[in-house]
1. Would you please name the residue that is farthest from A187 (Cα to Cα), looking only at residues in the range 273-308 that are more than 21 Å from the chain's Cα centre (by Cα) and surrounded by 19 or more Cβ atoms within 10 Å (Cβ to Cβ)?
2. Surrounded by 15 or more Cβ atoms within 10 Å (Cβ to Cβ), modelled with pLDDT of 90 or more and of a type in the set (S, T, Y): does that describe Y111?
3. Of all the residues that make up the range 248-268, how many are more than 19 Å from V195 (Cβ to Cβ) and not β-branched (V, I, T)?
4. Condition (residue is crowded, with 19+ Cβ neighbours inside 10 Å and over 27 Å from the mean Cα position of the chain (by Cα)) applied to the range 310-325: is it met by at least one residue?
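The values are calculated or read from the model by the stated rules, or taken from the named source; none is laboratory data. Keep in mind that what you see is a predicted model, and the values were worked out from it rather than measured. Reconstructed Cβ throughout: ideal geometry from the backbone, glycine too, with neighbour counts over all protein chains shown.
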Amino acid sequence: MFTSQTSSFQDSIDVEERDDFDSDDIAGYNQKTQLNCYYAIYLYQGTSLSLVDSSLPPEAEPELRCYISRRLSKGGPAGGHGVPEQNVGCYCCLLEQEHSPDQPDAEGNGYVICFMGGSEKGLNLYPCPILDKYVQGLQSCLQTPELTNLETEIRPYLSKWYEESVLHIHRVVQLVQSSISFLLHAALSHTHVEVKSDERTKKDIARFIKAASLQGLSQQEATTSLCKAMSEEPPADLVIDCSTTPPTLSNTVSNRFCDDWIQAFLNAAESCNPFLLRQILENFKLKAIQDMNSLKRFIRQAEMSHYALFRCCQFLQGCGNGDVLLQNAKAEHSDLPEACRIIAVLEEFLMEPSQAHT
């Protein structure tokens, strides 16, 4: 049932790759994407689930309930992603009710909240903490006796999960268009971004910068230096003034690496596919990590070989991201004199045909 009601991630890619659709097709696809995102909330008592509210078609809801029941009976986690059917992404979270020590029977009771949209692959691109945080915002609303605030607070809040938790990247790309490269460069180079706009746009851009940076991967050994690196002379803030249409950006800096990703972001935004946009953003970060690891390897080799130093120069010139990579490498190797000497030579090499541009 879910498969027929919800488009898969592959279907989204197929639509995105078409180059012959017109504005009506795009509008229709956008509407379909919106309609194929659902929520459901259940009261969980002991081992039973009771439906509180759902945006699912009535014939599809029992299937979701069976899926959740099986998951809970097997001791499934309170939060996480799952798939009721192969082509559907489903996030589930159990919010346990607060209870006093003299009410032991209340243990395990609470509300199960589910968000459905795209495919498992698409929804998995949004880390559980992002959706967990959104669900936590509902905690206070669920303390009302008999949920008399269902129509005034709970339902409106749940109905906005897709708009608030998924669409922010799409809104940012639509806002800045080809200037997205400046935001990507700011994210990688740890440049502060000042936004002159309403609170929602400020929040959207801040979340985009955080998603495009490598802070979320700081526990991985290969990315630690990228996340912690800071330049000796912090660059001027990137300023985005949204009082004009299109927005005016000041102190803009980009490079060839970031510029090369512009069209991919614009194509995905045009096709109204937020899951594909998130995938492109993850690919962007992965490529930055791979290039940083390559530079680290070349620097180690260059300490023992002039030819390796030449290869390192060629790599920096070809990757288009030399300014960012060297900034991070310099921070990581600050306590290694020989590596610092190599990096100084590389910096001089890059200063001649400067990679960064404004």
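1. A302
2. yes
3. Count: 11.
4. Scanning the range 310-325, I find at least one residue that is crowded, with 19+ Cβ neighbours inside 10 Å and over 27 Å from the mean Cα position of the chain (by Cα), so the answer is yes.
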